[in-house]
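Trainee: Shown below is the structure under consideration.
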Amino acid sequence: MSFDYHVYLGPYLECEYTLIPDQNVKWACGNKRCVKQGLVTRNKEANFCPVCGKLLAKQIEVIEKPNVDSWEVREEIDEVLTPIPLEYIELDSPYHIWIPNVTRDPPRRFYYDPRTDYCVEPLGRANFHLSEVVWLAETFMKEMKILKKHYKECLGQWGLLIYPY
Ligand SMILES: [Zn+2]
């Protein structure tokens with residue numbers, strides 16, 4: 001099996017959000033005598049249970065979601081920074097990761113073949129390229145002000161990111 005991914009090595013922003021309550025609305029058969037009872041339907045267009053024909057019932061699941069919609073913020077800052085999709089990456093803390101939406105000149109040449117999975121890997125003090133983190137903060141000063149309005153904290157980092165298209 002193959003999968004498509006981006007590999008990014010360089011400065012990025014780690015922006016901490018807070019979790020707020022939200023609801024997930026699902027539709028399922030509510031007929032207690034039906035084999036499909038409680039089974040959530042994937043087809044939102046289907047109003048009736050395919051087995052017993054009863055009208056599907058609404059089920060509300062209470063969930064938590066980030067207080068920041070990164071794709072909305074992306075538009076607010078004219079897409080000069082971009083959030084990477086993190087839904088496949090397990091992070092210990094509630095962060096959105098933002099990278100500069102610019103092409104490096106000259107391009108960074110390196111080879112890395114990820115054999116494990118998608119990741120966000122800060123490379124630690126020894127590999128911390130301070131000048132590049134400073135460049136990020138200076139170049140995107142205006143956008144960082146906007147990000148700081150939405151997030152609890154925005155921290156400059158330097159590391160390896162592997163994420164899906
Ligand atoms: Zn049914």
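Trainee: So what is the relative contact order for the chain, in percent, with contacts set as C-alpha pairs under 8 Å and at least six apart?
Mentor: With pairs under 8 Å counted, the relative contact order is 38 percent.
Trainee: Would you work out which of Pro11, Asn67, Asn101 lies farthest towards the positive end of the dipole of the chain? Charges go on Cβ: Lys and Arg +1, Asp and Glu -1.
Mentor: So the residue we want is Asn67.
Trainee: Per DSSP H run of n ≥ 4, the term is -39500 (n - 2.57); total these for the chain, divide by its residue number, and report the mean residue ellipticity at 222 nm rounded to 500 deg cm²/dmol.
Mentor: -4500 deg cm²/dmol
Trainee: Return the distance in nm (one decimal) between the two label points of a simple spin-label model at Glu153 and Glu64, each offset 7 Å from Cα along Cα→Cβ.
Mentor: Going from the Glu153 label point to the Glu64 one covers 1.7 nm.
Trainee: Would you grab the residues whose amide H sits under 5 Å from the one on Ile77? Only those 5+ places off in sequence or on another chain, please, with H modelled 1.01 Å from N.
Mentor: Distant-sequence amide H within range of Ile77: zero hits.
Trainee: What full-extension length gain, to one decimal in nm, is calculated for Arg104 and Arg125 as 0.36 nm per residue of separation minus the Cα-Cα distance?
Mentor: 5.3 nm
Trainee: Percent relative contact order of the stretch 20-65, based on C-alpha pairs within less than 8 angstrom and at least six residues apart?
Mentor: Normalised by residue count, the contact order of the stretch 20-65 is 53 percent.
Trainee: Another question, then. Using amide H atoms built in the peptide plane, which far-off residues or other-chain residues are under 5 Å from Leu86 H to H?
Mentor: The answer is none.
Trainee: Right, here's the next one. Using only the Cα atoms of the chain, what semi-axes does the equivalent ellipsoid have when each is the square root of 5 times a gyration tensor eigenvalue? Give whole Å, largest first.
Mentor: Values for the chain, descending: 41, 20, 13 Å.
Trainee: Moving on to the next point. From the phi of every residue in the stretch 136-150, what ³J(HN,Hα) in whole Hz does the Karplus formula 6.51 cos²θ - 1.76 cosθ + 1.60 yield, where θ is phi - 60° and glycine or proline is x?
Mentor: Computed from phi, the couplings for the stretch 136-150 are 4, 5, 6, 5, 10, 4, 4, 5, 5, 4, 5, 4, 5, 5, 8 Hz.
Trainee: Just give me a number: lysine pairs in the chain, eight or more positions apart or cross-chain, with C-alpha atoms less than 27 Å apart.
Mentor: 20
Trainee: Modelled label-to-label distance, Glu138 and Tyr165, 7 Å Cα→beta-carbon offset: nm?
Mentor: 3.6 nm
Trainee: In a GNM of the chain with a 10 Å cut-off on Cα contacts, which of Lys26, Lys65, Lys145 has the highest mean-square fluctuation?
Mentor: For the chain, modelled as a Gaussian network with Cα springs under 10 Å, the answer is Lys26.
Trainee: Follow-up. Per Stokes-Einstein, at 20 °C and 1.002 mPa s, what whole-number D in µm² s⁻¹ belongs to the stretch 20-65, with the Kirkwood radius over Cα pairs as the hydrodynamic radius?
Mentor: It comes out at roughly 194 µm²/s.
Trainee: Which residues in the stretch 58-72 have a backbone N closer than 16 Å to a point placed 7 Å from the Cα of Gln23 along the Cα-to-Cβ line?
Mentor: 58-65
Here, each number is a calculation from the coordinates, and none is a lab measurement. Please read all numbers here as calculations on a predicted model, not as lab measurements. Because the Cβ atoms are built from the backbone with ideal geometry, glycine has one as well, and the counts that use them run over all protein chains shown.
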